[in-house]
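Below is one structure, written out as C-alpha cells, with a few remarks after it.
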Amino acid sequence: MTRTGAGVLLVAAVIGTAVGFALDQMLTASGRPTFTPAVTLPILLIALGGAVVALAYPIHRAARGDAPARIDPFRAVRVAMLAKASSIVGASVAGLALGLALFLLTRPVPPSVGSMVAIVGTAAAGGILVAAALYAEHLCTIRKDDDDEQPGRAAGGIAPEPHD
C-alpha cells in the first residue's frame, strides 16, 4: 500500500468543489434555498480525525517495540486504510464546502453570516481531518530494515506469533 499522495487529495478537493458549486446552482435554479451544512458536521469530522489518530497510536507503539503486546497485522492494515480513506473524505468535504462558499460569494446578494460560519467551519474541519488522517497514516508505517528492500518489523513489531 502506498501512502496517500497530494495529487489524490487535490483531485478529491477539486471534485468536491465542483459538486458543491453545482449542488447550490441546481438548488437555486429550481427555486430552493442553498445547501448549508449542519453545525454538527465539523464536530463529527474533528471527532473522526481524533478517533483515527487514537486507533493508529497503538500500532505506532508496537512498531517501535514500546507496546507490551503484539498488534495483529490485519488490524494495522485496516487502520492504515481507514486513515487513507479519511484523508480522501476530508479533502472531498473541504472541497464541497469551498464550492458552496464559492457559489454564495459569487451571488449579488451577500450570504448570511450563519451559513458562511457553518460552511467555513466545515471546510476547516475537513482540513483538520486530512491532517489527522495523514498523521495517522504516518503512524501506521513501519520503517525499513537496513538489509531489506521491503519494510520489516522492528523489535517487538507487528507480526503474528510463529506457529509450531
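The values are calculated or read from the model by the stated rules, or taken from the named source; none is laboratory data. Source: prediction; values computed, not measured. Cβ coordinates were reconstructed from backbone atoms using ideal geometry, including for glycine residues, and neighbour counts include every protein chain displayed. Note: accessible area is taken over every heavy atom of the protein model, side chains too, but ligands, DNA and RNA are not part of it. Shrake-Rupley method; radii C 1.70, N 1.55, O 1.52, S 1.80 Å.
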Can you order the peptides 107-117, 19-29, 84-94, 68-78 by their average number of other Cβ atoms within 10 Å per residue, highest first?
84-94, 19-29, 68-78, 107-117
For segment 1-77, which whole-number percentage of the solvent-accessible area (1.4 Å probe, protein heavy atoms only) is attributable to carbon and sulfur atoms?
73 percent
Per DSSP H run of n ≥ 4, the term is -39500 (n - 2.57); total these for the chain, divide by its residue number, and report the mean residue ellipticity at 222 nm rounded to 500 deg cm²/dmol.
-24000 deg cm²/dmol
Sequence order, segment 72-80: Karplus ³J(HN,Hα) from phi using 6.51 cos²θ - 1.76 cosθ + 1.60, θ = phi - 60°, Hz rounded, Gly and Pro as x, gives 4, x, 5, 5, 4, 5, 4, 5, 5
Report Rg/Rh for segment 41-107, rounded to two decimals, where Rg is the Cα radius of gyration and Rh the Kirkwood radius.
1.20
Cβ-based charge dipole, the chain, positive-most Cα from A69, V130, P37:
P37
Report relative contact order for the chain in percent, whole number only (criteria: Cα-Cα under 8 Å, sequence separation at least 6).
37 percent
Of the residues P108, V19, A54, the Cα lying farthest along the dipole of the chain towards its positive end, which is defined by charges on the beta carbon of Lys, Arg, Asp and Glu, belongs to P108
Placing +1 at every Lys and Arg Cβ and -1 at every Asp and Glu Cβ, with all other atoms neutral, what dipole size does the chain have around its Cα centre, in debye to the nearest 20?
580 debye
Could you work out the relative contact order of segment 90-130? I mean the mean sequence separation of Cα pairs under 8 Å and 6+ apart, divided by the number of residues, in percent.
66 percent
